[in-house]
Each structure stands twice: as structure tokens, then as C-alpha cells.
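Presented below is the structure to which this report refers.
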Protein chains: 2
Amino acid sequence: MENQRPLILISNDDGIIAKGISELIKFLRPLGEIVVMAPDAPRSGNACALTVTEPIHYQLLRKDVGLTVYKCSGTPADCVKLAFHTVLDRKPDLVVGGINHGDNSSVNVHYSGTMGVVIEGCLKGVSSIGFSLCNHAPDADFEPAGEYIREIARKVLEKGLPPLTCLNVNFPDTKELKGVKICEQAKGQWTNEWENFAHRGDAHYYWLTGEFEESEKENEKSDHWALANGYVAVTPTTVDVTAYGLMDELKTWF
Amino acid sequence: MENQRPLILISNDDGIIAKGISELIKFLRPLGEIVVMAPDAPRSGNACALTVTEPIHYQLLRKDVGLTVYKCSGTPADCVKLAFHTVLDRKPDLVVGGINHGDNSSVNVHYSGTMGVVIEGCLKGVSSIGFSLCNHAPDADFEPAGEYIREIARKVLEKGLPPLTCLNVNFPDTKELKGVKICEQAKGQWTNEWENFAHRGDAHYYWLTGEFEESEKENEKSDHWALANGYVAVTPTTVDVTAYGLMDELKTWF
């Protein structure tokens, strides 16, 4: 029966018109019934932000057999929360964010609206996956990622992910993918993050930019290493951010 | 010498005019030289969001001995990044977010702009602490938290926090604080998250609201238990969100 196929909720942060989300829908459609609730405009760098100072709204864009598409005025995390509250008639089997136009590996997980979708899905107790391609171009080629995306989603639907965990999957921008590598988040930090521009003689305008300085370049376990070497980087990610290892030490402080 | 006192960067998400940040400045001023870079308006629920689609700017508001205050048009995380890039003449010894008007315990860590400040400070390699009070009122009473805030900040300045870890400190709204409890993030989820309003006959407007459903109510290790029982909840928090425990299992999947 139609309503017993897996239910998959899709959102992103590049907005409903991005190529990446269209490609994701195409890749995942064979796996189940798809509901899309995506931002009506780009929301890159939105992290898990929520809209708290104004109301949000959504609108039906398309309804076909097995595919229903809505756009929403909120953030990526809002989209997931609102879909659960309004348009989903049952708990989905999978929440998927992406495919992001750009890298969400390493510390970018903290800023990514794509991962905002995924973290929200995970917090709602649903297996969740974020997919990102290391290419910001609007016409980036997502095709080489397609079979991996379908395979990873199929595995997660079949086996499920443990509570409070989700997957952050990043693809290098190459046609020659070497396979999947299970990774840890690369350590390092962004530097030279602002470019200063003058506007009408006032030079106090700053645009975000930056370079990433990796602290463990030779760490073959890191997602950066995997991406630099042609692998699909699958980084298991937790939403329980308690630093358990620090608890005993802190207890001696107070 | 003045410039050898600890340098403390403060920001928040309620904005520069909030009572909470004024109180935080007052409590921490005895500990070192304070630089404030805070949003020019409320930015609650901003998480680690960054401003990527427009430039941001900042402005000096006040310069006294040991205290310099700027406001910034960006998000809480932007404020930290921009302060490091522009106004700080050396790496700070401490980054502090707050005092937030409202609870940032449990899963709220993911949505909190206050914790956005703290996570950004931590990613920059500086010991960082977020302080929040379980009271949303603009005129909330932060006074009982004062001595704890100073003591916790002093300890962190003295001992430092390990790399990739920071503190999320929440205060119950009481004058009778029972002491510090080292906690883990309470598990659970938000439900009934949207309130539906009609505007000009169109009922598709949703305001964020909700109730938190805790899954382990009797867990005496959780920050919720500590807050419900009158303790200051100190939750060590990691910015390395790799789910290390899941890596071996995932390796068998592919």
C-alpha cells in the first residue's frame, strides 16, 4: 500500500529553487514517499536557528503521487519543526537535508543550515542524514553522488541510527569517487574571516570569508582527509553535546 | 600593568540593551579587562548562525578604563568572529555569553544564540562559558547568580578548559541557590511547537511555542533535574560532535 512505503522528509538551506534539493528528490524518490518543506529563499549559515520574533508560514507548491512539495518562510530547522506539526500525517522514517551546494565537513557542522535540518530531525527521534557537495556553484554536478546517496539512505532506512545520532555526509567534487569512508570531524579553525569594504566612504562593512587552518593535516581519520583523497566522507554526528570526559574533573573544582 | 589583566570578550543574543548583559559586565569587571561586542537587537534562537548574504558592521558605544563596548549588526557568532578580527588586540583569555533571559539547558543548547557565542569562542581555542537564567522577563533578577558567575569565571581563568570543550551554565530562578552541580544535557524533545494564528482571514501563520517532554525525568545527573531542584547546572559541552561510538558499526555497513 502507498502509505506503507517509507516516508522521507526533505529540506535544505539553499532554498526550494536550488539544484541540490531537486537532485536529492530525484535520487531518493525510488525509496519512498517524499514530503519536501524547504525555505523559500537561501538560508545558508543558518545553523539550527529558529524564527522566534515573527510568525512563519508555508505554501503547497506541488502534489504528485509520492511527492508533495511545500515552501516555508522559516529557517531550515523551522521547516522541519513545522512539517512535523502540520503536513506530515505520520512520523517520517527519515529526515534528509541537502544536497548542499558547499562543504559542511569539520567545524562547518556548527554553522550549516543543512545540518540544522538533520539535527532537528535527530532531536525529533528520526534517523537523519545531511548530504553536501564540495562545490558552491548553482549548476554543480551532483550526478556522481546519486548512487551513494541512494545507498546510504537505503542502509539507514533498513538499519536505523541509534538515538541522538545522525550522519553528516560530504562529497568531494569529482566524478571519480573512491567509495565511502567513515570519518571524524576534522579539527582546526577558520582564520582571516572578514573582508572589509568601503560603502559611501564608510569602511566599516565586513563580508564573511575566510580560510580553514587544519590542526591535524595528516589525520587519515578526518573528513577533510577523506574529501581531499576522493572519498565520500560519512561522519557520524551526535546531538548529545555533553562533554562527559570533563565531568569528573569539574566536580573537583566546586 | 593594565594590559596584563585577563582579557574577557562578552557577547549575548538578547542584544546590547538587555539587562542580562549589563549584569554580566558588572559581575565580571573585577576579573579583568572587558570587551563587549553584542548584537544591536535581540537575536534569540540564532544558534551558531552566521550572516553570509550581506555585510555586517559594528560601532563603538563606550570606552572606559577596563571596559570597551561595541554593538554589531550581526548574529551572536558573527559578533565573536568580528571582535577577534577587528577590535581585540590580543587573543582573549575568556569568551562569555549571556546572561541569557531564559533557559538554555538540555536540547536548547542547539538553538541558543548565547551558546552560539560560546561555541564560537571555543572553536577559536579560547575557554568559553555561557550563562543563562530560567526567567525570560526583561527585568529578571540576576543578582543571586552574581557570585557564582564570578566564581565559575575565575576558576576557568585559573585552570582553563580542555580543547574543544566549553561550559553551559544555567541558573534556576530563585534567590536560594543550593550550589553548583556538574550535569549532563537532559534528554527529551519539544512538542506542540507551533501556535496557529489567523491574519486577515488567512490562518497559515505559525508562531513558535512548545512544551518540553523529558524522556528521563528521574535522571539526577541531568541539567533539568539540577534546575528543578535549585542547583546551578554546569554542563560541560563539546564542539567535537563526532559520534565516535558509532564509527565501528558504520564501517560494517559499507
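The values are calculated or read from the model by the stated rules, or taken from the named source; none is laboratory data. What you see is a predicted model, and the numbers here were worked out from it, not measured in a lab. Note that each Cβ is placed from the backbone with ideal geometry, even for glycine, and that neighbours are counted across all protein chains shown. Note: areas computed on protein heavy atoms with side chains; ligands, DNA, RNA excluded. Shrake-Rupley method; radii C 1.70, N 1.55, O 1.52, S 1.80 Å.
Can you tell me which residue within region A:38-62, out of those that are surrounded by fewer than 20 Cβ atoms within 10 Å (Cβ to Cβ) and touching a Cys at 6+ places or on another chain (Cβ under 9 Å), is nearest to the other protein chains (Cβ to nearest Cβ)?
The selected residue is A:His57.
With respect to A:Asp248, determine if the residue is among the charged types (D, E, K, R), free of Cβ contacts under 8 Å to residues at least 24 places away in the same chain and either more than 27 Å from B:Gly116 (Cα to Cα) or not in a strand (DSSP E or B) (or both). Before you say what the answer is, go through the steps one by one.
Numbers: among the charged types (D, E, K, R): yes; free of Cβ contacts under 8 Å to residues at least 24 places away in the same chain: yes; either more than 27 Å from B:Gly116 (Cα to Cα) or not in a strand (DSSP E or B) (or both): yes.
Spelling it out, A:Asp248 is indeed among the charged types (D, E, K, R), free of Cβ contacts under 8 Å to residues at least 24 places away in the same chain and either more than 27 Å from B:Gly116 (Cα to Cα) or not in a strand (DSSP E or B) (or both).
Sort out which residues of region A:245-254 are facing chain B (nearest Cβ under 7 Å) and either closer than 20 Å to A:Asn104 by Cβ or open to solvent by 40 Å² or more (accessible area, probe 1.4 Å) (or both), and write them in order of number.
Scanning region A:245-254 gives A:Lys251, A:Phe254.
Taking into account only those residues within region B:143-161 that are touching a Gly at 6+ places or on another chain (Cβ under 9 Å) and open to solvent by 30 Å² or more (accessible area, probe 1.4 Å), which is nearest to B:Ile119 (Cα to Cα)?
Per the criteria, the residue is B:Leu157.
Let me spell it out: the conditions are (1) more than 11 Å from chain A (Cβ to nearest Cβ); (2) closer than 19 Å to B:Gly146 by Cα, and B:Asp89 meets all of them except one. Which number is the exception?
The failed condition is (2).
Looking at the structure I just gave you, is B:Val35 of a type outside the set (S, T, N, Q), more than 8 Å from every other protein chain (Cβ to nearest Cβ) and either more than 27 Å from A:Arg200 (Cβ to Cβ) or surrounded by 22 or more Cβ atoms within 10 Å (Cβ to Cβ) (or both)?
So B:Val35 fits the description; yes.
Given the options A:Gly130, A:Gly121, A:Gly125, A:Gly98, name the one that is part of a helix (DSSP H, G or I) and either of a type in the set (Gly, Ala, Ser) or open to solvent by 20 Å² or more (accessible area, probe 1.4 Å) (or both).
The conditions single out A:Gly121.
Exactly one of (1) more than 14 Å from chain B (Cβ to nearest Cβ); (2) within 18 Å of the chain's Cα centre (by Cα); (3) of a type in the set (A, V, I, L, M) is unmet by A:Val65. Its number?
The one condition A:Val65 does not meet is (2).
Report the residue count in region B:133-175 for those that are in a strand (DSSP E or B), within 12 Å of chain A (Cβ to nearest Cβ) and not β-branched (Val, Ile, Thr).
Qualifying residue count, region B:133-175: 3.
Looking at (1) surrounded by fewer than 24 Cβ atoms within 10 Å (Cβ to Cβ); (2) under 20 Å from B:Gly210 (Cα atoms); (3) within 9 Å of chain A (Cβ to nearest Cβ), find the lone condition where B:Phe84 falls short.
Going through (1) surrounded by fewer than 24 Cβ atoms within 10 Å (Cβ to Cβ); (2) under 20 Å from B:Gly210 (Cα atoms); (3) within 9 Å of chain A (Cβ to nearest Cβ) one by one, B:Phe84 breaks only (2).
Taking the conditions exactly as written (assigned to a loop (DSSP other than H, G, I, E, B), over 10 Å from the mean Cα position of the chain (by Cα) and surrounded by 24 or more Cβ atoms within 10 Å (Cβ to Cβ)), does A:Pro92 satisfy them or not? Before the answer, list the steps.
Details: assigned to a loop (DSSP other than H, G, I, E, B): yes; over 10 Å from the mean Cα position of the chain (by Cα): yes; surrounded by 24 or more Cβ atoms within 10 Å (Cβ to Cβ): yes.
Against the criterion (assigned to a loop (DSSP other than H, G, I, E, B), over 10 Å from the mean Cα position of the chain (by Cα) and surrounded by 24 or more Cβ atoms within 10 Å (Cβ to Cβ)), A:Pro92 qualifies.
Before we move on, is A:Ser106 farther than 26 Å from A:Gly66 by Cβ, crowded, with 23+ Cβ neighbours inside 10 Å and among the small types (Gly, Ala, Ser)? Lay out the reasoning, then the answer.
On the way: farther than 26 Å from A:Gly66 by Cβ: yes; crowded, with 23+ Cβ neighbours inside 10 Å: yes; among the small types (Gly, Ala, Ser): yes.
So A:Ser106 fits the description; yes.
I'd like to know if region A:20-28 contains one or more residues that are touching a residue at least 24 places away in the same chain (Cβ under 8 Å), within 23 Å of A:Ala145 (Cα to Cα) and of a type in the set (Gly, Ala, Ser).
Yes, region A:20-28 has at least one match.
Which members of region B:56-84 meet the condition of being in a helix (DSSP H, G or I) and more than 23 Å from B:Leu157 (Cβ to Cβ)?
Those that are in a helix (DSSP H, G or I) and more than 23 Å from B:Leu157 (Cβ to Cβ): B:Asp78, B:Leu82.
Suppose the filter is under 18 Å from the mean Cα position of the chain (by Cα), in the same structural domain as B:Ser106 (by TED's automatic domain parsing) and surrounded by 22 or more Cβ atoms within 10 Å (Cβ to Cβ); does B:Ala140 pass it?
Criteria not met by B:Ala140.
Quickly run through region A:192-240 and pick out the residues that are modelled with pLDDT under 95, part of a strand (DSSP E or B) and more than 9 Å from every other protein chain (Cβ to nearest Cβ).
A:Ala198, A:Ala203, A:Glu211, A:Phe212, A:Glu213, A:Glu214
So which residues in region A:181-200 are open to solvent by 80 Å² or more (accessible area, probe 1.4 Å) and of a type in the set (D, E, K, R)?
If the condition is that a residue be open to solvent by 80 Å² or more (accessible area, probe 1.4 Å) and of a type in the set (D, E, K, R), then A:Glu195, A:Arg200 are the ones that fit.
Mind counting the residues in region A:216-235 that are surrounded by fewer than 12 Cβ atoms within 10 Å (Cβ to Cβ) and within 19 Å of B:Lys124 (Cα to Cα)?
Going through region A:216-235 one residue at a time, the tally reaches 0.
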